[in-house]
Amino acid sequence: MADHVMDSFDNKQTISKNGNKQWVKLNVGGTYFLTTKTTLARDPNSFLYRLIQEDSDLISDKDETGAYLIDRDPNYFSPVLNYLRHGKLVINKGLAEEGVLEEAEFYNIAELITLVKERICHRDNRPSKDGKKHVYRVLQCHEDELTQMVSTMSDGWKFEQLVNIGSQYNYGADEHAEFLCVVSREYGAPESTEVRGEREDRAKVLQQKGSRM
């Protein structure tokens, strides 16, 4: 009888142990996410699925809890993980589509990249509530370049969103954070050719100083 109880206990331990192998713990920028291998297998070519393979060619550290360490923004990781869970693009209020696109490209999730690009295209071509059209630009810069970039904004350019995209995957004591800065400008009354040319020249300067994309 004792042997039977012990065998039953060992079987439960084996089942539990095997079941745990299906769960994956991720530490993204200090925030923990719990998911399954089945979820991550939605895109076998993605960084995440390759990361969890036993013979993975990717080098990644784990923290003291056994979670995979990923140096990315956890806020923008949520839409990525949720897409893998249910196949839909859901972006919480306050998050920029460009930030989600940056993460989708980093994790190499092809279908999500397409969805986000379509969302951005639809957004940029949709008339605003006041009937005016807007043009958007996404500028990439280092942390120490933010002040200079903002100081170049003029002629109606407006700051929209600042997205922390990590540190370009380099690890070192002297690294600087990378940011995406989303700016927009609305088109109002018709402009003269001279004024329009001057504004376009200033926009080029803004893009050159703030972007290396």
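The values are calculated or read from the model by the stated rules, or taken from the named source; none is laboratory data. Everything quoted here is computed from the prediction, not taken from an experiment. When we count neighbours, we look across all protein chains shown, and the Cβ atoms used for this are built from the backbone with ideal geometry, even at glycine. For the accessible areas, the whole protein counts, side chains as well, though only heavy atoms, and no ligand, DNA or RNA atoms are used. Shrake-Rupley method; radii C 1.70, N 1.55, O 1.52, S 1.80 Å.
Does Thr35 fit the bill of being in a strand (DSSP E or B), among the hydroxyl-bearing types (Ser, Thr, Tyr) and either touching an Asp or Glu at 6+ places or on another chain (Cβ under 8 Å) or surrounded by 15 or more Cβ atoms within 10 Å (Cβ to Cβ) (or both)? Even if it seems obvious, please write down each step before you answer.
Details: in a strand (DSSP E or B): yes; among the hydroxyl-bearing types (Ser, Thr, Tyr): yes; either touching an Asp or Glu at 6+ places or on another chain (Cβ under 8 Å) or surrounded by 15 or more Cβ atoms within 10 Å (Cβ to Cβ) (or both): yes.
Judged against the criteria, Thr35 is a match.
Conditions (1) of a type in the set (A, V, I, L, M, F, W, C); (2) assigned to a loop (DSSP other than H, G, I, E, B); (3) on the phi > 0 side of the Ramachandran plot, marked per residue:
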| residue | (1), (2), (3) |
| --- | --- |
| Gly94 | no, yes, yes |
| Glu102 | no, no, no |
| Asn108 | no, yes, yes |
| Leu112 | yes, no, no |
| Ile120 | yes, no, no |
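So which of Arg119, Arg185, Arg199 ends up being modelled with pLDDT under 60 and surrounded by 14 or more Cβ atoms within 10 Å (Cβ to Cβ)? Walk me through how you get there before you give the answer.
On the way: Arg119 fails: modelled with pLDDT under 60; Arg185 fails: modelled with pLDDT under 60.
From the options Arg119, Arg185, Arg199, the qualifying one is Arg199.
Looking at the range 73-92, I want the residues that are over 12 Å from Phe33 (Cα atoms) and have a partner that is part of a helix (DSSP H, G or I) and open to solvent by 10 Å² or more (accessible area, probe 1.4 Å) with Cβ atoms under 7 Å, at least 6 apart or on another chain. Which pairs are those?
Listed by first residue and then by second, the contacts come to Leu84/Thr39; Arg85/Thr39; Leu89/Leu115; Leu89/Arg119; Val90/Asn82; Ile91/Glu97.
Could you figure out which of (1) open to solvent by 70 Å² or more (accessible area, probe 1.4 Å); (2) at pLDDT below 70 isn't true of Lys158?
(2)
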